[in-house]
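Okay, structure first, notes after.
The values are calculated or read from the model by the stated rules, or taken from the named source; none is laboratory data. Everything numeric in this text was worked out from a predicted model, so none of it was measured. Cβ placement follows ideal geometry from the backbone for every residue including glycine, while neighbour counts extend to all protein chains displayed.
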Amino acid sequence: MQNIANRGLLRLLKFFCALFLLGNFFLFPGCKDHENKKEAAADHLVDPEINAAFADTETQATTPEEFNANSFDFPVGKPDAKGYYNAQAFGKNNHLGDDWNAVTGGNSDLGHPIYAIANGKVAVADDLEGGWGKVVRIVHTLPDGEEIESIYAHCDSIMVLEGDRVRKGFQIGTIGTAGGQYLAHLHLEIRDSIHMPIGGGYSEVQEGYLDPSLFIKNNRSIH
């Protein structure tokens with residue numbers, strides 16, 4: 001009698017096991033499929049517009065043509081040098097650049113931002129020491145393929161690296177004193193002969209150098 005009861009209990013257990021397995025088959029049809037559903041749900045939570053924005057960033061063209069210099073602004077008080085004056089213009093005392101100072105005078109502009117005057121590629125970003133201090137040199141390709149170079153000297157800090165591509169108005173550094181040699185100001189040069197030696201900042205020979213303020217004023221927009 002006890003054997004009959006045991007057999008009945010065993011059949012009942014087998015029935016419930018089969019029912020349990022059958023339920024799992026329909027409710028959880030495999031770990032792999034379950035993981036796929038989780039991934040699909042996660043994908044659904046990502047905003048398609050955000051995905052598109054990231055895609056645009058990843059695939060954005062970085063060809064030199066995209067960084068052609070088709071307009072120029074002043075390197076301080078962008079875009080028009082508001083709050084600054086040219087303390088020593090190109091040609092004055094055989095000066096080969098412009099010296100930009102804040103109208104507030106003294107070292108009041110120490111640490112003020114310096115901006116790239118146009119789209120370009122950083123050729124030098126280094127402390128040249130001596131009378132130059134920290135210097136950034138940027139090569140600009142004009143729409144006609146001609147290249148010019150802008151030089152930003154006596155920086156307190158440099159915020160770009162050699163090889164960086166920068167856009168007009170991008171902050172590349174801050175105004176400095178060349179290690180305390182001068183009152184704070186920005187020495188800006190523009191050259192139409194690129195990669196020349198850094199030079200001395202003053203010379204009777206102006207070949208390869210352009211009047212920075214005149215060039216910027218005449219090229220606010222290049223068509």
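Starting from residues that are of a type in the set (A, V, I, L, M) and under 14 Å from TRP100 (Cα atoms), keep the ones in the stretch 139-177 and report whichever is surrounded by the most Cβ atoms within 10 Å (Cβ to Cβ).
Looking at residues that are of a type in the set (A, V, I, L, M) and under 14 Å from TRP100 (Cα atoms), I get ILE175.
For the stretch 173-206, a residue qualifies if it is over 15 Å from GLY131 (Cα atoms), outside any loop (DSSP other than H, G, I, E, B) and among the hydrophobic types (A, V, I, L, M, F, W, C), and exactly one does: ILE190. Applying the set (1) surrounded by 19 or more Cβ atoms within 10 Å (Cβ to Cβ); (2) under 18 Å from TYR182 (Cβ atoms) to ASN94 leaves exactly one unmet item: (1). Listed by first and then second residue, the pairs with beta-carbon distance under 7 Å, at least 6 apart or on different chains, first residue in the stretch 201-223 and touching a residue at least 60 places away in the same chain (Cβ under 8 Å), second among the hydroxyl-bearing types (Ser, Thr, Tyr) and part of a loop (DSSP other than H, G, I, E, B), are ARG220/SER71; SER221/SER71; ILE222/SER71. Among the residues of the stretch 77-114, those that are among the small types (Gly, Ala, Ser) and more than 18 Å from ASP156 (Cα to Cα) comprise ALA81, GLY83, ALA87, ALA89, GLY91, GLY97. Residue-level check: of (1) modelled with pLDDT under 95; (2) aliphatic (A, V, I, L, M); (3) surrounded by 14 or more Cβ atoms within 10 Å (Cβ to Cβ), ALA55 misses just (3). Checked against the criterion of being under 26 Å from the mean Cα position of the chain (by Cα) and free of Cβ contacts under 8 Å to residues at least 12 places away in the same chain, the candidates LYS82, LYS78, LYS92, LYS121 yield just one match: LYS82. Summed over the stretch 120-173, the residues that are of a type in the set (Ser, Thr, Tyr) and closer than 13 Å to ILE198 by Cα give a count of 2.
For LEU188, the test of being closer than 12 Å to PRO75 by Cα, in contact (Cβ under 8 Å) with a residue 60 or more places away in the chain and not aromatic (Phe, Trp, Tyr) is passed. Screening VAL136 with (1) at pLDDT below 95; (2) within 16 Å of ASP98 (Cβ to Cβ) gives one miss only, at (1).
Results for (1) touching a strand residue (DSSP E or B) at 6+ places or on another chain (Cβ under 7 Å); (2) polar (S, T, N, Q); (3) assigned by TED's automatic domain parsing to the domain that holds PRO113; (4) within 19 Å of ILE114 (Cα to Cα), shown as yes or no for each residue.
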{"site": "ILE175", "(1), (2), (3), (4)": "yes, no, yes, yes"}
{"site": "ALA184", "(1), (2), (3), (4)": "yes, no, yes, yes"}
{"site": "ILE190", "(1), (2), (3), (4)": "yes, no, yes, yes"}
{"site": "SER193", "(1), (2), (3), (4)": "no, yes, yes, no"}
{"site": "GLU204", "(1), (2), (3), (4)": "no, no, yes, no"}
{"site": "GLU207", "(1), (2), (3), (4)": "no, no, yes, no"}
{"site": "LEU210", "(1), (2), (3), (4)": "yes, no, yes, no"}
